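Read through the structure below, which is laid out as structure tokens, and then see the notes.
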Amino acid sequence: MDSKYMKRAIELAFKGRGYTSPNPLVGAVIVKEGRVIGEGYHEYYGGNHAEVNAINTSSEDVAGATMYVTLEPCSHFGKTPPCAKLIIDKKIKEVIIGMMDPNPIVAGRGIKLLRDQGIKVTVGILEEEVRRLNEIFIKYITTKLPFCILKTAMTLDGKIATNIGDSKWITNEKSREYVHEIRHEVSGIMVGIGTVLADNPSLTTRLKDKEGSDPVRIIVDTECRIPLESKVLNLDSKVKTIIATTEKADKDKIKLIKEKKAEVIITPLKNNRVDLGYLIKKLGEMKIDSILIEGGSTLNYSILKEGCIDKVISFIAPKIIGGENAKTPIGGVGIDYIKDSIELKNIQSKMFDQDIMIEGYLRKEE
């Protein structure tokens, strides 16, 4: 039964996807005498935590009940009062937790507070699922670096465009809809200047059934070649566009870009290009906790080589276009030996009609 109720708490937590950043996704279920009497989730950043919403929606007194919550209740005052104290005040007798909060400010303190007041606490129910749910939060809160997702889409023969550069569309509509769900979840989206020059994308979020959250648009542009009429510089959007460039950029062009209300980050040069490691760290300092990289083959190779990628999502469409000069998802110099190839772990796959999506995590060095 513990797994059953924790699964429901995870389902509830997922409803906050795209709205709680940089806070975690949290769901809570209150059970009394075998009956669910209250449910809640963290709905948006700065709003009530899941535990509070579950208590507030309860159909009866929660005294003596058991609470299932995906993440350790907080014990400190942040934007809201501590949930652990509320649980104690409401006389809930048992708390079952998916995982301990990795936030150093919490990190076991909420659990200790509950136990010190005689409340039975169990930790680690469906922990792997909860960790996956909050992989962005866990990475960011422990490192202050964004969780970076590399997304690629290719044909069965590994091409991202034809030999004349045509790429619309490699994947089907359902696959593209799913990518917009990911855009809704992350804080930032990154492409290289080559993508902007070739496709002039908007890099916004478009969802069918709800209003999506646009990610911050990040353009990697070593020499500031971006045309001033580009869509990303002329959008009616609640979030900003960032141009990451270097000392090679023309100062007058930078001034014109800033007049477009875009932000410019000047990074050091690395291999005569934008220093991606510096850029990722800088974006983390700006509280951008997650980035979807939808770049071309040059940016994809460079950011993989830099070691910034945490997760890869690759779509494969059952199409063959061929062409020696047709680009592949990962360009650059490449790797000489198979033994040195970049490996993924924890692989999952999913079908979107006839497209296959493969998702995995980079195998970090021990």
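The values are calculated or read from the model by the stated rules, or taken from the named source; none is laboratory data. Given the structure is predicted, the values throughout are model-derived calculations rather than measurements. All Cβ positions, glycine included, derive from the backbone under ideal geometry; neighbour counts span all protein chains shown.
Please go through the stretch 16-34 and give me each residue that is out of contact with any Leu (no Cβ under 8 Å at 6 or more places or on another chain) and at pLDDT 95 or above, ordered by number.
Residues satisfying the conditions are I30, V31, K32.
Among K151, K159, which is the only one that is basic (K, R), buried (at least 16 other Cβ atoms within 10 Å of the Cβ), within 29 Å of T195 (Cα to Cα) and modelled with pLDDT of 95 or more?
K151
Can you tell me which residue in the stretch 92-114 is surrounded by the fewest Cβ atoms within 10 Å (Cβ to Cβ), limited to those that are among the basic types (K, R) and at pLDDT below 95?
Looking at the filtered set, the residue picked out is K112.
Can you tell me which of E211, E177 is out of contact with any helix residue (DSSP H, G or I) (no Cβ under 8 Å at 6 or more places or on another chain) and either in contact (Cβ under 8 Å) with a residue 12 or more places away in the chain or of a type in the set (G, A, S) (or both)?
Only one candidate qualifies: E177.
Could you list, in sequence order, all residues of the stretch 106-144 that are outside any helix (DSSP H, G or I) and touching a Cys at 6+ places or on another chain (Cβ under 8 Å)?
Hit for the stretch 106-144 is V106, nothing else.
On the given criteria, is G277 touching a residue at least 12 places away in the same chain (Cβ under 8 Å), on the phi < 0 side of the Ramachandran plot and in contact with a Ser or Thr (Cβ under 6 Å, 6 or more places away or on another chain)?
Judged against the criteria, G277 is not a match.
Looking at the stretch 30-64 only, could you name the residues that are surrounded by 16 or more Cβ atoms within 10 Å (Cβ to Cβ), over 28 Å from the mean Cα position of the chain (by Cα) and small (G, A, S)?
Answer for the stretch 30-64, where residues must be surrounded by 16 or more Cβ atoms within 10 Å (Cβ to Cβ), over 28 Å from the mean Cα position of the chain (by Cα) and small (G, A, S): G38, S58.
Residue pairs, Cβ under 7 Å, 6 or more apart or interchain, first in the stretch 285-307 and surrounded by fewer than 23 Cβ atoms within 10 Å (Cβ to Cβ), second β-branched (V, I, T) and in a loop (DSSP other than H, G, I, E, B). List them.
Cβ pairs passing all conditions: S297/I160; S297/T328; S297/I330; Y301/I330; L304/I330; L304/I342.
Can you find a residue in the stretch 334-348 that is in contact with a Gly (Cβ under 9 Å, 6 or more places away or on another chain), closer than 26 Å to Y140 by Cα and in contact (Cβ under 8 Å) with a residue 60 or more places away in the chain?
No, because not a single residue in the stretch 334-348 is in contact with a Gly (Cβ under 9 Å, 6 or more places away or on another chain), closer than 26 Å to Y140 by Cα and in contact (Cβ under 8 Å) with a residue 60 or more places away in the chain.
Which fully enclosed strands (runs of 3 or more DSSP E) of the stretch 305-366 have 2 or more residues being under 17 Å from N172 (Cα atoms), touching an Asp or Glu at 6+ places or on another chain (Cβ under 7 Å) and at pLDDT below 90?
Correct list: empty, since no element meets the threshold.
Yes/no matrix, rows are residues, columns are (1) among the β-branched types (V, I, T); (2) touching a residue at least 60 places away in the same chain (Cβ under 8 Å); (3) farther than 27 Å from E185 by Cα:
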position: P24; (1), (2), (3): no, yes, no
position: R35; (1), (2), (3): no, no, yes
position: E43; (1), (2), (3): no, no, no
position: G47; (1), (2), (3): no, no, no
position: V52; (1), (2), (3): yes, no, no
position: E60; (1), (2), (3): no, no, yes
position: A63; (1), (2), (3): no, no, yes
position: V69; (1), (2), (3): yes, yes, no
